[in-house]
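Report on the following structure.
The values are calculated or read from the model by the stated rules, or taken from the named source; none is laboratory data. For clarity, every value in this text was computed on a predicted model and none was experimentally measured. Cβ sites come from the backbone with ideal geometry, for glycine too, and all protein chains shown count toward neighbours.
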Amino acid sequence: MPTHNESVPNRALSAPELKQILLDDFMRLLEGEGMLSGGGMSFPRVGYTISLALHLDNHLNPESYIELHSKPLAHNVPDATPGKGQLFTAPLSRNDDGTQAEVAATRLDRMIQSPNAERLRVGLPVPMEVRDHDGTTRQESAIYPPDEAFGDGDVTITDVTQEQRAKWGQLDEVIP
């Protein structure tokens, strides 16, 4: 709790703070992906797309969107031999037996209404203004452990596999 000489402004999240929250959310998606959970899984052919869409409270730049697609390994990479876990551009072409490769897609949506509540939820430093006895103010940060009372925050995780299959034109395929 701040003292009478301290105030806790609810300043906007800085880029490094938001980046940490996004990294935590991405790790959560990876941990929740069943195909990546088993230590015995291997992937002879892999293609993926990672996208990030930000909706910002900024009239000059209200939205930001990036998308990264996997790319085949260079021909001079030693492990770029068939069956050694090659990277391909998504979607993968049909398998040798004519079947389509497995598709898995998950979307995580998060709404951040209060920067300080989010800082407390994940354990980021909370900025404070401290007034000294001579009347000057200085900036400090209070660090609290992540607060489980905030739970996961305003987050929704959705399986969007069917939407991704439609985007890649693979809706007619039935995966056994």
Inter-residue pairs, beta-carbon under 8 Å, first within 16 Å of Phe26 (Cα to Cα) and without any contact (Cβ under 8 Å) to a residue 12 or more places away in the chain and in the stretch 46-73, second among the aromatic types (Phe, Trp, Tyr) and not in a loop (DSSP other than H, G, I, E, B), 6+ apart: Leu54/Tyr65
Single residue of the stretch 145-157 satisfying the filter (over 14 Å from Glu17 (Cβ atoms) and without any contact (Cβ under 8 Å) to a residue 40 or more places away in the chain) that is surrounded by the most Cβ atoms within 10 Å (Cβ to Cβ): Phe150
Residue in the stretch 36-44 that is touching a helix residue (DSSP H, G or I) at 6+ places or on another chain (Cβ under 8 Å), among the aliphatic types (A, V, I, L, M) and closer than 20 Å to Asp154 by Cα present: no
The stretch 119-139, residues that are touching a residue at least 60 places away in the same chain (Cβ under 8 Å) and not in a loop (DSSP other than H, G, I, E, B): Arg119, Val122, Val126, Pro127, Met128, Glu129, Val130, Arg131
Counted residues, the stretch 102-118 - those being modelled with pLDDT of 90 or more and either in contact with a helix residue (DSSP H, G or I) (Cβ under 8 Å, 6 or more places away or on another chain) or outside any strand (DSSP E or B) (or both): 11
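Residues are listed down the side, and each one gets a yes or a no for (1) within 14 Å of Arg11 (Cα to Cα); (2) surrounded by 11 or more Cβ atoms within 10 Å (Cβ to Cβ):
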position	(1), (2)
Pro115	yes, yes
Pro127	yes, yes
Thr136	no, no
Gln139	yes, no
Asp159	no, yes
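Output yes when any residue across the stretch 34-43 is surrounded by 12 or more Cβ atoms within 10 Å (Cβ to Cβ), at pLDDT 80 or above and at negative phi, and no when none is.
yes
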Residue within the stretch 101-111 that is in contact (Cβ under 8 Å) with a residue 12 or more places away in the chain, aliphatic (A, V, I, L, M), closer than 14 Å to Leu22 by Cα and surrounded by fewer than 13 Cβ atoms within 10 Å (Cβ to Cβ) present: yes
